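This report refers to the structure that appears directly beneath it.
Each value in this text was obtained by applying a stated rule to the coordinates, not by laboratory testing. Predicted model, so just to flag it, every value in this text is computed and none were measured. Every residue, glycine among them, receives a Cβ derived from its backbone with ideal geometry; neighbour counts consider all protein chains shown.
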Amino acid sequence: MKTKWQPLVNKFQFAIEQILPSQCLLCHLSSNQTLICQYCHDSLAVARPCCLHCGLALSKTQYYCGDCLKQKHQFTQLHAVANYHPPYPALIKKFKYSKQLIFGELLADLLVSSIQSNILSTQLSMIDYLIPVPLHNNKLYLRGFNQAQLIAEKLSKHLNIPILSNTVIRSKETIAQETLSLSKRKKNLRQAFEINDISKHRIRNQHIVIIDDVVTTGATVNSLSKTLLQAGAKQIDIWCICRTSLPK
Ligand SMILES: [Zn+2]
Ligand SMILES: [Zn+2]
């Protein structure tokens, strides 16, 4: 039944449809006002057998990867939504380099639902803070935003865990990790992060989750974990969108 309010209702519906796409961002079929359709969601959020410690993709019969048997990471556990396989590289590229922030929204949504289905709420309630991997100021200026910060904001909102801001800074402008060998990556990141003195007390004895978009060798998140542990953090975990295989 139509009422006198109908024109107003129509206007409101129209406004909502402008904000939420009615077509799936990926396959362009009807998505019922969500960013992607159920089919695309299910194909992106497939369970992945991985190392229980560092999240590296493994066959179903292994619990830990060879890398973790040889060396200890600074963090306790890494959780990734997916391996760095299509369509993820293209989605991340659109978000980070073409500044299509709606793809960041999508990736962050996928991480939220992956965390909700893989980590118990009792475990989530024990986390004190999220810390997005900081960018060096020069890089932040060039890109205009920190991709890890945008992902962390969505997680914070949905999981009700505060972000600890302005605590860690990237004090050294590092060379792009992709261009370096494993040993050079570690050297490149030595003392890359600093905690500002007035914030040190906020880290002591806290369980912190570091947020990043893509983890490759783990050198960046290890370096940040080490800095936080040295400042007195109790436990560090990592959540990210993709975990790549180790570079050869
Ligand atoms: Zn779709
Ligand atoms: Zn591992």
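Would you mind checking which residues have amide H under 5 Å from HIS207's amide H? H placed 1.01 Å from N; only 5 or more apart, or other chain.
Counting only residues 5 or more places away or on other chains, the set is ASP128, TYR129, LYS234, GLN235.
Which whole-Hz ³J(HN,Hα) couplings does region 91-104 yield from phi under the Karplus relation 6.51 cos²θ - 1.76 cosθ + 1.60, θ = phi - 60°, glycine and proline marked x?
These are the phi-based 3J(HN,Hα) values: 5, 5, 4, 4, 5, 7, 9, 9, 6, 8, 5, 4, 6, x Hz.
When a footprinting reagent is the concern and you count Cβ atoms within 10 Å, what order do TYR39, TYR84, TYR97 take, fewest first?
On the way: TYR39 13, TYR84 17, TYR97 10.
Ascending Cβ contact count within 10 Å gives the list TYR97, TYR39, TYR84.
List the residues, sorted by chain then number, that are 5 or more residues from ILE163 or on another chain and whose placed amide H is less than 5 Å from its amide H.
LEU130
Looking at region 49-243, what % of its DSSP beta bridges pair antiparallel, to the nearest 5?
Values: 4 of 23 bridges.
If we restrict to bridges inside region 49-243, about 15 percent are antiparallel.
Based on alpha-carbon centroids, what's the gap between region 229-245 and region 31-73 in Å, whole number please?
Between the Cα centre of region 229-245 and that of region 31-73, the gap is 16 Å.
How long is the gain from SER125 to SER171 if the chain were fully straight, where each residue apart is worth 0.36 nm and the alpha carbon distance is subtracted?
On the way: separation 46, 0.36 × 46 = 16.56 nm, distance 3.13 nm.
Extending this stretch completely gives an extra 13.4 nm.
Using modelled backbone amide H atoms (1.01 Å from N, in-plane), which distant-in-sequence or interchain residues come within less than 5 Å of LEU26's amide H?
It is CYS37, by chain and number.
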